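Just so you know, all these numbers are worked out from the coordinates, no wet-lab data involved. This one's a predicted model, so the numbers in the text were calculated from it and none came from an experiment. Cβ: placed from backbone, ideal geometry, glycine included. Neighbour counts: every protein chain shown.
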Amino acid sequence: MPAITRHPRPGEPRYLEDFKVGDLTETSGFAVTRDMILSFAEQYDPQPMHLDETAARDTVFGELVGSGWQTLAVTMRLLLDARLLGGTPIVGAELRDIRFHAPMRPGDVLRARAEVIAIRPSQSRPDRGFMDVRVTTTNSEGVTLVTQRWSLVVPRRPDFQKVAF
C-alpha cells in the first residue's frame, strides 16, 4: 500500500522528480456551513437548491445543498492546505472526468484524497512536466461527493538529469 504523503516543510518546493505513481495525499477536514453554501450560491450559482431551504424542497435534492462548483472549490482549498506540491503552486493544465456522485450538505466535513496516477516530462519544455492526479472528495460519512482527474504542470529540478518515470 502506498504511503500517505506528509510535507514536513510546507514552504519547500517539490519537483516532478520528487513524485512517483501511487503517491497519496490526504487532507484534513473542512466543515461546510449553511451560511457558506448560501454565500457561495448568491455570488456564483444562484439556483433554488443552493439559496433557499423551502424552494430546495421542490428540487431533485429535496433540501438545501451546496453547489457542485463550491465542492470543487473546497477540494482545491483542501489540497492547497495539505501542500500537495509543497511550496510549489498548483498549476492546472487540464481538468477532466469530473463526476458528481452526491451533493454537499450543510454540516458536512469534507476531505480530499489525491493519488498520483501518471508522471511524464514535457516534450516541448524540458524544465517542466505533467503529473496526473486522481482526486476524490468525501463527506464525514465517507460518501464520495466528487471524483475528478487533474493534470498538473510541475517544474523539474534545475539540475535534473534524464529520469525515467
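Brief remarks on what is shown
- Gap separating the Cα centres of the stretch 49-106 and the stretch 143-157, nearest whole Å: 14
- Sorted ascending by nearby beta carbons within 10 Å, beginning with the fewest, TYR15, TYR44 become TYR44, TYR15.
- When shorter helices are ignored and each DSSP H run of at least 4 residues is given -39500 (n - 2.57), the per-residue value for the chain at 222 nm works out to -5500 deg cm²/dmol.
- Listed peptides 71-78, 31-38 appear in the order 71-78, 31-38 once ranked by packing, highest mean of other Cβ atoms within 10 Å at the front.
- Dipole in debye (nearest 20) - the stretch 16-155, about Cα centre, beta carbon charges: Lys, Arg +1; Asp, Glu -1: 440
- Identified option (computed Rg and Dmax of the Cα atoms in Å; candidates [x] 17.1, 61; [y] 20.4, 76; [z] 17.9, 61): [z]
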